[in-house]
Amino acid sequence: MRARVLILCCAASHWALGQTPCVAVTGAQILGGDLARAVPAFKTVPQDLPIAPSPLPGAVRTFSAAELQAIASRFALREPAFAEICVRIATEPLNRARVVESMMDVLKIPGLRIEVLDMSNESAPVGRIDFQRENLRAPATPNRDMPVVWRGDIIYAGDRRFAIWARVRLTAPVTRLIAVENLRAGVPVRSGQIHEEVVEAFPISSAREISLSQVEGLAPIRAITAGTEVRVGDVIQPNEVNRGDLVHVEVRMGAARVALTGRAESAGHLGELVPVRNLESSRVFQARVEGKGSVIVQLGGTEESLQ
């Protein structure tokens, strides 16, 4: 930003007093036709002939009288004298309506409303406004209609990019899951304890969304009070085995099967190893969770001995 301001100031101080306005170009190259707009004698030069690279936005490319005379000599132009001319990239104020249109095009969200609160206030090159979805981040606070800064680019002169930004508030109809009653940590959610509610909010979440049918049977990782939104990170699959549970233990050795009852020393999900205490010997062994309140020990495998 500071560099752009310095370029603009230098350009303005050099050309503001009594100078002919610079020729504005939109391409990556200054062409013969661009020079002809300032010097009629160059109308006989091929209009699409590249003369020099166009300058960066805010800067100017000055052609001295000697440079112009050299170009004229290449094409046998009879011009007694030249005055120096300058060329710049065409710029314009950033258009708010075009910014919103670009954002709408990339998001394509039904019912989306975009309010531009602030945006780049410097002149930008004439080109296509480009905002990419991956550069849009969800608000950091739970209030999902908070403004966010969305960074984009003006694509100009072929594939050149000029950075822009806009501070926007985005809202659209969003379905939220709301706790109808207080939910206890670790206790699976039952039907009727959560309901859907459609609100106007920020429409893009950085986390995977969860549906009402998916949340039922999951367990909150912490207590959730009634009226609070329930998000995907708030719930997990409940443990098949909890610390202190009496569990059915099946010991397998080849085709032989032996059953006994043990006490889980820690919680575990399906397929995880948990320590289980033998109620008779008080020895602790490792068992693999097979289902709700059920574990298995495969002797001769990786699980420990029961003795």
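The values are calculated or read from the model by the stated rules, or taken from the named source; none is laboratory data. Note that the structure is predicted; figures quoted are calculated from it, not measured. Backbone-built Cβ (ideal geometry, glycine too); neighbour counts: all protein chains shown.
Hey, among 28, 41, which residue is of a type in the set (A, V, I, L, M), closer than 17 Å to residue 156 by Cβ and either in contact with a helix residue (DSSP H, G or I) (Cβ under 9 Å, 6 or more places away or on another chain) or surrounded by fewer than 17 Cβ atoms within 10 Å (Cβ to Cβ) (or both)? If you could, list the steps in order and put the result at the bottom.
Details: 41 fails: closer than 17 Å to residue 156 by Cβ.
Among 28, 41, only 28 is of a type in the set (A, V, I, L, M), closer than 17 Å to residue 156 by Cβ and either in contact with a helix residue (DSSP H, G or I) (Cβ under 9 Å, 6 or more places away or on another chain) or surrounded by fewer than 17 Cβ atoms within 10 Å (Cβ to Cβ) (or both).
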Q.
Cβ-Cβ under 8 Å, sequence separation 6+ or interchain: first residue in the stretch 233-252 and free of Cβ contacts under 8 Å to residues at least 40 places away in the same chain, partner basic (Lys, Arg). Which pairs?
A. 234/222; 244/263
Q.
Checking residue 238 against (1) assigned to a loop (DSSP other than H, G, I, E, B); (2) at pLDDT 90 or above; (3) over 30 Å from residue 168 (Cα atoms), only one condition comes out false. Which one?
A. (2)
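Please verify whether the stretch 164-172 includes one or more residues that are of a type in the set (S, T, N, Q), closer than 30 Å to residue 25 by Cα and touching a Lys or Arg at 6+ places or on another chain (Cβ under 6 Å).
Restricting attention to the stretch 164-172, the residues satisfying the condition of being of a type in the set (S, T, N, Q) are 171.
So of that shortlist, the ones also closer than 30 Å to residue 25 by Cα come out as none.
Scanning the stretch 164-172 turns up no residue that is of a type in the set (S, T, N, Q), closer than 30 Å to residue 25 by Cα and touching a Lys or Arg at 6+ places or on another chain (Cβ under 6 Å).
Among the residues in the stretch 155-163, are any part of a loop (DSSP other than H, G, I, E, B), of a type in the set (A, V, I, L, M) and surrounded by fewer than 17 Cβ atoms within 10 Å (Cβ to Cβ)?
Step one: of the stretch 155-163, the residues part of a loop (DSSP other than H, G, I, E, B) are 157-159.
Checking which are of a type in the set (A, V, I, L, M) leaves us with 157.
Checking which are surrounded by fewer than 17 Cβ atoms within 10 Å (Cβ to Cβ) leaves us with none.
No, because not a single residue in the stretch 155-163 is part of a loop (DSSP other than H, G, I, E, B), of a type in the set (A, V, I, L, M) and surrounded by fewer than 17 Cβ atoms within 10 Å (Cβ to Cβ).
In the set 124, 138, which member is of a type in the set (Gly, Ala, Ser) and surrounded by 17 or more Cβ atoms within 10 Å (Cβ to Cβ)? Reasoning before the result, please.
On the way: 138 fails: surrounded by 17 or more Cβ atoms within 10 Å (Cβ to Cβ).
The unique qualifying residue is 124.
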Q) Of the numbered conditions (1) of a type in the set (Gly, Ala, Ser); (2) over 30 Å from residue 31 (Cβ atoms); (3) at pLDDT 90 or above, residue 201 satisfies every one except a single condition; which is it? A) (3)
Q) Only one of (1) without any contact (Cβ under 8 Å) to a residue 40 or more places away in the chain; (2) touching a Lys or Arg at 6+ places or on another chain (Cβ under 7 Å); (3) of a type in the set (Ser, Thr, Tyr) is not met by residue 191, so which one is it? A) (2)
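Inside the stretch 164-195, can you point out the residues that are of a type in the set (Ser, Thr, Tyr) and either part of a strand (DSSP E or B) or in the same structural domain as residue 115 (by TED's automatic domain parsing) (or both)? Write out each step before concluding.
Taking the stretch 164-195 as the starting set, the residues that turn out to be of a type in the set (Ser, Thr, Tyr) are 171, 175, 191.
Across the stretch 164-195, the qualifying residues are 171, 175.
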Q: Tell me the helices (runs of 4 or more DSSP H) entirely within the stretch 30-122 that contain at least 1 residues that are within 41 Å of the chain's Cα centre (by Cα), assigned by TED's automatic domain parsing to the domain that holds residue 148 and not polar (S, T, N, Q).
A: 96-107
Q | Whichever residue in the stretch 180-196 is among the charged types (D, E, K, R) and surrounded by fewer than 12 Cβ atoms within 10 Å (Cβ to Cβ) and, among such residues, is farthest from residue 115 (Cα to Cα) | A | 190
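This table checks each residue for (1) part of a loop (DSSP other than H, G, I, E, B); (2) loosely packed, with under 12 Cβ neighbours inside 10 Å.
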| site | (1), (2) |
| --- | --- |
| 198 | no, yes |
| 217 | yes, no |
| 222 | yes, yes |
| 243 | yes, no |
| 277 | no, no |
| 287 | no, no |
Q) What pairs can you find where one residue is in the stretch 105-120 and more than 12 Å from residue 150 (Cα to Cα), the other is exposed (fewer than 14 other Cβ atoms within 10 Å of the Cβ) and among the basic types (Lys, Arg), and their Cβ atoms are less than 9 Å apart, with a gap of 6+ or different chains? A) 106/133; 107/133
(Q) Kindly evaluate residue 304 against the criterion of being outside any strand (DSSP E or B) and either among the charged types (D, E, K, R) or modelled with pLDDT of 95 or more (or both). (A) yes
